[in-house]
Structure formats: structure tokens, C-alpha cells
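Chemist: To start, I am sharing the structure in question, which I have written as C-alpha cells.
The values are calculated or read from the model by the stated rules, or taken from the named source; none is laboratory data. Note that the coordinates shown come from a computational prediction; the quantities given were computed from them, not determined experimentally. Every residue, glycine as well, gets a Cβ built from its backbone with ideal geometry; the counts of neighbours run over all protein chains shown. Heavy atoms of the whole protein, side chains included, go into the accessibility calculation; ligands, DNA and RNA do not. Shrake-Rupley method; radii C 1.70, N 1.55, O 1.52, S 1.80 Å.
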Amino acid sequence: MRRLVAATLLLVGMAVGQAALDQPLPVAGDVIIGKLSNGLTYYVRKNSEPKDRAELRLVVNAGSNQEDDDQKGLAHFLEHMLFKGTARFPGLEIINFLEKIGMRFGPDINAYTSFDETVYILKIPTTDPAVVQKAFDVLQDWAQSATLAEADVKAESGVIVEEERLRDRTASGRINKQLIELLTSGSRYALRRPIGDMEIVRSSPTEAIRRFYRDWYRPDLMAVVAVGDFDPKAIEEIIRKNFAGLKNPDNPRPRQSYTIPAQAADAYKVLSDPEFPATQVSLYGLKPAAPERTLGDVKNRIRSELFAAMMATRLDDLANGPNPPFLQAEAGRSGFVRTHDVEELSAQAREGQEATALEALVTELRRARLGFTQAELERAKAQLLARYQKNFNERDKRNSSDLADAYVEVFLSGAVSTSDQTDYELAQRFIGELTLGDLNAYAQAFLSGPKDVLAIRPEKAGLAPLSEADLQKVVAQAEAKPVQAYQENATNAALLEKIPAPAAILKENKQPTYTELVLANGARVLYKKTDFKADEVLFRAYSPGGASLYSDEDYPEARIIPAVVDQSGLGALERSQLVRVLAGKQVAVTPFINEREEGMQGNSTAKDLETLFQLVYLYFTQPRADQAIFEKEKQSRLEAAQNRALNPISALQDVLDEYRLPGTLRGHAFSPEALQKLDRERGLAIYKERFSNAANFTFVFVGSFDEEKLKDFAQKYLGTLPTKNAKDTWKNVFPKTNPAKVEKNVYRGKDERGYAVMYYAAPLEFSLKNGVAASALQNLLDIRITEELREKLGGIYSAGVNVNLVRDPYPEASALIQFSCDPKKAEELLGALAKVIEEVKTQGASEVNLNKVREQLKRAREEALRTNGFWLNRLVNFAQYPDLDPNDTQGYFTTVEGLTSQDLQRMAQLLFRDSYLKAVLYPEAMKP
């Protein structure tokens, strides 16, 4: 059988490799695609990552563009209402059912509404057939059995108003609204933003919602997607049974497709906002969307990816060279709306330097049209092929969520669902076939038609004015100047010229879940080989000390210098040379110095693992802090610090920081004065000090690697690192959290938006039981706050709830609860929050909620245990705290099973005391 499969794949590859570009793409055989007699389409695929889970989607090919004039915002409103009750799941029973099986509202239960579609998302366990059937019953009820009770509509309108407040009544929200209107000018899209008209939303428009539901929620506009660890034939049978009875209307409304009219000429626009802290310039051009249906469509997409990769390198060279015209820039093509993609060339500029950045963008686009070099193309090809190779290697380890979303896109766009094998073979073919002439032709066409030229900037005193005419003049002047062809900055240098001789392994300790090595220089290595991913290695290095060992005067250098080192060259290589040497490799390493530790983090494929080790070796032995990079980092941080106060939330953050860490600059945002004093040489000296003693480090590796190769690399590149006799640990220079009761109002901002923060902290020794109780309390509060403040009062869209237990610098538990709201209702909502907290302090958790929380913690841990990231963190925690046994994987589940209502009550009583911070942000207009 294996021989037959291999031969079949070879024949498919030959057919794809030789086929004409207009040939339709072959449909994948690993997905069941069907269509019921009522027109509903379904996609079913077996996939085992994560184990014992499935991702379900109900896709409705209708969104805000299908709204009538009296329905603006009601496609999105209806999305909310489907969680408020159906024929078989009255009230909030859908959420109740899903929470009982361990799923969480938001991460596992969600939905979204766009211009052209609405998609409902469920993640479920698959071990119980009754649960799987019930989940499909939810999808079936959503399709045509929503209750849409008038009282529920009235209650939910407040939630949607708060969602609009959270997303749109900020600087980025206001700018984004204007940007969408600009790019979709003259089209239906400009008139039908999914969030809609709040006047209509507030009017409790029950009949208009019901009309939208009748008109557009019908099987001929629907798809069901199921991907997961199940028997696909059994799931197909459930879909056919559940959805075959859905009916289309007798006289269905035709579903119109809307497009965006072509621009007649370039348009120029300056957008500003008094709360927007950054400066950006962009060129946008719309192109018809190109869903992939033929081989030629794939070739065009790969050509655009190669173009973006070559432009990225050129723009990176400019951004990180001397006197950079911008801080960073990007170019490429991406999806925009159903009918259109967008070509974009954008840069983050220095404040007041829009003209410089825009001129550079136009010049680089013109330079690209003069042609790329063969060396650039070969690097881009190597880079892209490496990415496709990694994706192909991971084909059996892909997350079901990603696959489900891909089938949603297939249904909505009309693209063809291709196999991983086909995708990889086509990538190999077209990456090989595409020529320099093909890419130069693409550059000629990129942003060649009428486009939007845009500047986004702060609105503040002292900033020189900028007009649309100014932008037009800059573009005209840039287009008139002579441009020289690109000069390649080639290098034949190796990353590491001399490979160190391997050092001895002094100790090898094999444990059930990991292996420990101690090398000749005292460096410690912990590693765990896994099969969770086929081609992923995660890495972290940990050493105690960090910025705590330096004075307040040196503190800014200690925290900022790793970013400079990370962006600089390495060893004998300039940054631009380093980028070229690493082309085609899937590897990254980033050094850091945190408050109480220093280290590195990174990742690679199995093939590039030695390169990862070489980068680690060089970041220890030959780091650089290039002057140009230092100046860029300093100036960008300085500008951000000077504009930080433009964002109203910053004032609230300052209050919280001062409460948590009073009287110190540590853990606070850096002031412009501190940034002005940054010293590059002192920063680099600090960096070298922190990375001068490998014996103080534990190096952790988790993933799919050859153990013998990893040990060999460790001996060569870690065992030969410099060491010292003495070992460091962190120094406690941190003040304790203010134990007082502090209530503070802050008045900032132009829009009618409030933001409330409650913070509590109390001393508490770390233990597994206390850690589990803290996590359970967080989930319980999330459930109860959603029920009371969102569902009952309609006062918030969502709340951020974080309950944390830490050992250092002081063992304590803390809780941070925050939400956006109508500022006039802030005190009422805080009162409701206080009642929830008091309820937990006096009553603990109901049996229903206790079981929900237990299931959520168990389900989350089941999934985490099969991820490299979880085990990386677990081994790093073991390096920090040796009493945390990585081999004990059952203790957590035992503790969760033993969790009682009294445990949560005790945790709440300990944490929620009379000492706390209550801070509320109000708009300036409400200042007394």
C-alpha cells in the first residue's frame, strides 16, 4: 500500500509539474466535500492536532453588505443574538453547555461578522459522542432556529454599543474608520461597516433583525466545516442528518456581490488624531482579488511573495543604515475585502519627517522597477522554499483551527482546496521556474495604477502642518529625480569562520520527561525531544541576575541594549551581511535582559539547528551594538516616550505602575530624560557582563531534533563559551506593592469612553494548590463578570481578568480586572463587580461553575501537554525553581480534581481585601 501511495503522489507531482497554467488545481483527497440537496456545502477532514478536539464552523455567505438601509449593524447584531437562545438551547444555554465541557467563551466559542460573511466558531472535545452530536445541534439551531426574543434584543444592544466604544472610540479606531472609507470610496463597503449605526442598534430593532435572519440565513448560502480528531464518515453522517431538513425561502432574495469602483487618478489624504502617537506614510492600490483556482493563480501568488521578500531586504537595509529615512517599512499584496486585494508600500516615519519617508518609498519603488539582481532573487527563492519545506514537513501536525479557517476561505472565495503535497510541489515548480524577468515585470505593475497616498500623524501643537498638496508635491518631486539601479551588498562570508573544538560533557542525567547535561565549562543544558511538531525546535537560555544588578543610572541601558544588539550585525558581519548569510534558513535568536534575568530565546527547524547554536555562540562572544542601530533605537523610543501621553490609557497605566512599584523607575515607562542620557558604550559593556559567564546559564531545547546532533552542537558552541568562577543571582531592589486603599480618577481623552481598573495584591506562598486555585478563581471571575456586567447589565463588551501567583521578588497573589465602558456607568459597573467579588468571598463557586472551571483547567492542560511551548516554559521554570519537578504531569490534574468551592472562597478572601487600587479613566469633558 505504501508503494502504491508513493507512486500515486509521484504521478500527481509529474502531472502538476508539467501542466499548463490554465489547468484547474487538483482537489485534495484528504477532505470530504459535499453538497446537500438544499444547497448547503460541507467540508469534513480528520486531523489529530490537537488530540481529542474538533473545530467546527457554521459559515453564512452574508454580512453587512446584505443589510437594508434600516439594518446597518444588524448582521453583526444577529451574530450576537445567536448566543442568546435557540429552539433547543434557550437563553444562555449554548454558552452554559460549552462551558460545562471545558470550553471558554472567546478562545473556544466565538464568531465574527465581516462585510460579506458571518462565521460561527466552536472548539469541542471529541471523546464523548453525545457532546459531538450536541455541538452539531448548536450549529443546526444557529442556522434557522434562533429565538430572537424582543427582550433579549433590547438587552444585547448595550453590549454592542460597548463593543463599538471599545474598538472605534480610540485613536486607532477613528483612523481605521477613515482609512476604510478612503479605500472603499464610492462603494457599498464604505456605507456598510459591520459595526453599523449605533442609532439603529440602540433602537432595539427586533423585526429588522428577524428579517435579516429570514432573508440570508438559508442553506444555499451556508457551509458547515468540521476538522478534528474524529471518524470523518460519522461526522459526515451527522451533518447530513442535522442539516438536510433546512429550508430555503420560497422566493429567496438574490445575493448581490459588490465591488469597489476603480479610481480615476491618484488621491492624497492626511489623517490626524490628537491621541495617535505615531507617524506613518503609505501608498495603497486596489487590485481584483485572485482566489486560487488554476496553476497560474498559484504562480502569481508565489511571484508576489518573492517580490515582497526582495523588497523587504532592500527596505530593511535602508531602515537600519546610516541616516535612515524611516524606522521600518514593508511592501506586498494582501487580502482586503472579498472582491479586492490591496497592494501596499508603507513606512513608519519619524515625527514631522513624512516627506523624507514618502520620498524614500517612491524612490525605492522606482528603483525596483529598474530591476532586481539575480543574487536577490536567489536569496528570496531560498527563503521562500525553506518556508514551504517547513510547512510541508508539518503537514501532519497542523492545527485543526488553521485547517478549518482555510476551508472557510475556500467556500467563501471559490478557491480550490488543494492537498499539502500539491501545494509543496507547485511551490517547488514555480520557485524554480520564475525568472528575473518575471519579477521585474511584477515590479513594473506593482502600484502602477491610480493609488491612495496617505499620511497618518499626531495632531498636536508645535508640529508643522502637512496638507494633501504637500504629499502630492513630494511624490511628484520623487518621481522626477533620477534613480540609480540597485547595487548589491554581496558577501561570501560564513556566519562563523572557525568552529570550536567540542568540550566534554561532565554529566548526563536522563529523566522520564527530559535530559540534563552539564558541560565542561559548567553550562547546563536541559532538553526534551518531542513529536508534537515535525520540524520545530524551541530554545531559551536562562540566567539569574538581569537589570536588578545595576544602579538606577544604568537601568535604562541594561533594559534597552539587547534590542540594539539584536538588530545590529554579529561578529564580523554587518546587519545587511548577516541578513544575507541567513537567507534560506528558518532560524531566529533574540537576546534579552529582564528585571531579574538575562538570556536568549529562539527557534529553528531541525535542519537549521546548528545555525541556532552558532548564533547563540556569537551573541555571547562577539555581540555588536552598531552606532546607526543604537541611534535609531534611541530616537524611536524617545519619540514614543514624548508622545506617550497622547494615549489616554497611558495615564491610567502610570497610576497602576506607581501603585505596584512605588518610588522607582523599574517597571515603569522610560521618561524622555532617561532616554536622552542613553550611552551605547555603557550599554554594550553591561551586555557583555551579563553574557560573560556561561556557567550561570541553563540552556533549554524542546522539539524535533536528533539528540546526538544536539549534544554535539552543545559541546561545540555552549561548552566552549567563556565562564567565571563566581555565579550571580538577582538582587532584590524592588519595592513592595503599596498595601493602601487608593481610589483615583483620571481625566484624559476626547471621546466618550471610560476605562476602569481594579488591582489587588496580597502575600501568598507559592504551591501547586495555590497556583491552581488562582487559575480557577480567574476563570470563575471571568464567567461571573460576563454573566453580570455583560449579559445582565449590558454594560461591557468584555473584561480582562488576570489572577496571578508569583514567587519573586515577593511571594504574592494579585488580581487585575479591567474593562471599557460608558463613563457615566463606570461606578455602577464597579459596584456590580464588587458584588461579584463579595459573592465569591462569601459563597465560593456554585457546583455548576465549579465543574465548569475544573473542566476548563483540565482541557487547557491536556492541550498544553502536547505543545513544545508548554514544555519549554516548564523546563525554564525548573531551571529557576528546582522544586518544580517536570516529571510530575499528574499532580496538576489531581489538584484540579480535588478543587473545592471553599478553596476558591479562601483564595478570594485572602486576595480581595480592603487594600486595593481603583482607577477610572474619564474623558476630559467630565472633569469637575
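Chemist: Mind checking the per residue accessible area of the range 36-244 for me, 1.4 Å probe, whole number of Å²?
Modeler: Details: 6850 Å² over 209 residues.
Ligands and nucleic acids excluded, the result is 33 Å² per residue.
Chemist: Assuming R0 = 45 Å, can you tell me the calculated FRET efficiency for the pair residue 529 and residue 375, based on Cβ-Cβ distance, to the nearest 0.05?
Modeler: 0.75
Chemist: Sort the following peptides by mean Cβ neighbour count (other Cβ atoms within 10 Å, averaged over residues), highest first: 711-718, 512-519.
Modeler: 711-718, 512-519
Chemist: In whole angstrom, how far apart do the alpha carbon centroids of the range 85-138 and the range 184-205 sit?
Modeler: 27
Chemist: Ok, one more. Would you kindly work out the equivalent ellipsoid of the chain from its C-alpha gyration tensor and give its semi-axes, the square roots of five times the eigenvalues, largest first in whole Å? Provide the component values of the computation, followed by the final result.
Modeler: Working: eigenvalues 328, 286, 222 Å².
The three semi-axes for the chain are 41, 38, 33 Å.
Chemist: OK, next. Only Cα pairs under 8 Å and at least 6 apart count here; give the relative contact order of the range 36-244 as a rounded whole percent.
Modeler: Once normalised by length, the contact order is 44 percent.
Chemist: Here's a follow-up. Please report the relative contact order for the chain, taking Cα pairs under 8 Å with a sequence separation of at least 6, and give it as a percent rounded to a whole number. The partial results should precede the final answer.
Modeler: On the way: 1752 pairs, mean separation 130.8, N = 928.
It comes to 14 percent, rounded to a whole number.
Chemist: Could I ask something else about it? Which one, 636, 171, 614, projects farthest toward the positive side of the charge dipole computed for the chain from Cβ point charges (K/R +1, D/E -1)?
Modeler: After comparing all options, I get 614.
Chemist: Once you list every other residue whose beta carbon is under 13 Å from the beta carbon of residue 388, what net charge do they have if Lys and Arg are +1 and Asp and Glu are -1?
Modeler: Net charge around residue 388: 0.
Chemist: Moving to a separate point now. Only Lys, Arg, Asp and Glu count, each charged at its Cβ (+1, +1, -1, -1), so figure out the dipole size of the range 742-926 about its Cα centre, rounded to 20 debye. Before the final figure, lay out each step's value.
Modeler: Numbers: 23 positive and 26 negative charges, 45 e Å.
Here the size comes out at about 220 debye.
Chemist: Of 449, 502, 464, which is farthest along the charge dipole of the range 443-522 in the positive direction, counting Lys and Arg as +1 and Asp and Glu as -1 at C-beta?
Modeler: Result: 502, furthest along the dipole toward the positive end.
Chemist: Which whole-angstrom value gives the distance between the alpha carbon centres of the range 735-759 and the range 902-916?
Modeler: Here the two parts' Cα centres lie 21 Å apart.
Chemist: Bins of 5 Å, beginning at zero and ending with the bin holding the largest distance: percent of Cα pairs per bin for the range 157-206, please.
Modeler: 4, 20, 25, 23, 18, 9, 1
Chemist: What number comes out for the charge environment of residue 774, summing +1 per Lys or Arg and -1 per Asp or Glu over other residues with Cβ under 11 Å away?
Modeler: -1
Chemist: Can you give the direction-averaged projected area of the convex hull of the alpha-carbon atoms in the range 122-247, in nm²?
Modeler: About 10.6 nm², averaged over all directions.
Chemist: With respect to the cross-link table entries 299/381; 750/792; 792/835; 123/390; 35/123, which display a Cα-Cα separation exceeding 21 Å?
Modeler: On the way: 299/381 13 Å; 750/792 29 Å; 792/835 13 Å; 123/390 26 Å; 35/123 23 Å.
Distance filter (> 21 Å) returns 750/792; 123/390; 35/123.
Chemist: Using a 1.4 angstrom probe on heavy atoms only, work out the carbon and sulfur share of the accessible area of the chain in %.
Modeler: With neighbouring chains kept in place, the figure for the chain is 49 percent.
Chemist: Work through the residues other than residue 570 whose Cβ is under 11 Å from its Cβ and net out their charges, Lys, Arg +1 and Asp, Glu -1.
Modeler: Value of the local net charge: -1.
Chemist: Relative contact order of the range 505-718, please, whole-number percent, based on alpha carbon pairs below 8 angstrom and at least 6 residues apart.
Modeler: On the way: 341 pairs, mean separation 76.3, N = 214.
Once divided by the residue count of the range 505-718, the mean separation gives 36 percent.
Chemist: Only Lys, Arg, Asp and Glu count, each charged at its Cβ (+1, +1, -1, -1), so figure out the dipole size of the range 36-244 about its Cα centre, rounded to 20 debye.
Modeler: Value, rounded to 20: 260 debye.
Chemist: Could you state the number of Å between the C-alpha centres of the range 208-261 and the range 500-562?
Modeler: Each part reduced to its Cα centre gives a spacing of 52 Å.
Chemist: Once Rh for the range 36-244 is found with the Kirkwood sum over Cα pairs, what is the Stokes-Einstein diffusion coefficient at 25 °C and 0.890 mPa s, in µm²/s?
Modeler: Numbers: Rh = 17.9 Å.
The Stokes-Einstein estimate is 137 µm²/s.
Chemist: How many times 2.2 N^0.38 Å is the alpha carbon radius of gyration of the range 682-733? Spell out each step's value before the answer.
Modeler: Values: Rg = 14.2 Å, N = 52, 2.2 N^0.38 = 9.9 Å.
In units of the globular-protein estimate, the range 682-733 measures up at 1.44.
Chemist: Over the range 250-325, what number does the Rg to Rh ratio reach, with both radii from the alpha-carbon atoms and Rh per Kirkwood?
Modeler: 1.12
Chemist: Give the dimensionless ratio obtained when the Cα radius of gyration of the range 337-463 is divided by 2.2 N^0.38 Å.
Modeler: Normalised Rg, Cα atoms only: 1.41.
Chemist: Follow-up question, since we're still on this one. Please get the size of the charge dipole for the range 188-274, origin at its Cα centre, with Cβ charges of +1 on Lys and Arg and -1 on Asp and Glu, quoted in debye to the nearest 20.
Modeler: With only Lys, Arg, Asp and Glu charged at Cβ, the dipole is about 340 debye.
Chemist: Find the eigenvalues of the gyration tensor of the Cα atoms of the range 505-718, then list the square roots of 5 times those eigenvalues as equivalent ellipsoid semi-axes, largest first, in whole angstrom.
Modeler: On the way: eigenvalues 228, 80, 57 Å².
Here the semi-axes work out to 34, 20, 17 Å.
Chemist: Kindly give the semi-axes, whole Å and largest first, of the ellipsoid equivalent to the range 742-926, taking each as the square root of 5 times a Cα gyration tensor eigenvalue.
Modeler: Result for the range 742-926: semi-axes of 32, 19, 16 Å.
Chemist: Turning to a different aspect of this structure: Kindly work out what percent of the DSSP beta bridges joining two residues of the chain are antiparallel, to the nearest 5.
Modeler: Percentage antiparallel, nearest 5: 80.
Chemist: Would you compute, for the Cα atoms of the range 844-928, the largest minus smallest coordinate along each principal axis and list the three values in descending order, in whole Å?
Modeler: Each principal axis gives a Cα extent; for the range 844-928 these are 59, 33, 23 Å.
Chemist: Also, quick follow-up: Quick check on the range 492-607: take the gyration tensor over C-alpha atoms, sort the square-rooted eigenvalues as a ≥ b ≥ c, and tell me if it's rounded (a/c under 1.5), prolate or oblate.
Modeler: Oblate is the answer for the range 492-607, as a/c is 1.5 or above yet b/c matches or exceeds a/b.
Chemist: Here is a follow-up. Could you provide, to the nearest whole Å², the per residue accessible area of the range 316-416 with probe 1.4 Å?
Modeler: For the range 316-416, the per-residue accessible area is 40 Å².
Chemist: May I ask you to list the aspartates and glutamates whose Cα is less than 20 Å away from that of residue 233, ignoring any residue fewer than eight positions away on the same chain?
Modeler: By straight Cα distance, residue 233 reaches 30, 49, 52, 55, 128, 137, 396.
Chemist: Report Rg/Rh for the range 671-773, rounded to two decimals, where Rg is the Cα radius of gyration and Rh the Kirkwood radius.
Modeler: Looking at the range 671-773, the ratio lands at 1.13.
Chemist: Quickly rank 849-856, 240-247, 313-320 as a protection proxy: mean count of other C-beta atoms within 10 Å, highest first.
Modeler: Numbers: 849-856: 21.2, 240-247: 14.4, 313-320: 19.2.
Per-residue Cβ counts within 10 Å, averaged per peptide and sorted highest first, yield 849-856, 313-320, 240-247.
Chemist: For residue 709 and residue 877, what does the FRET efficiency come to when R0 = 45 Å and r is the distance between their Cβ atoms, rounded to the nearest 0.05?
Modeler: 0.95
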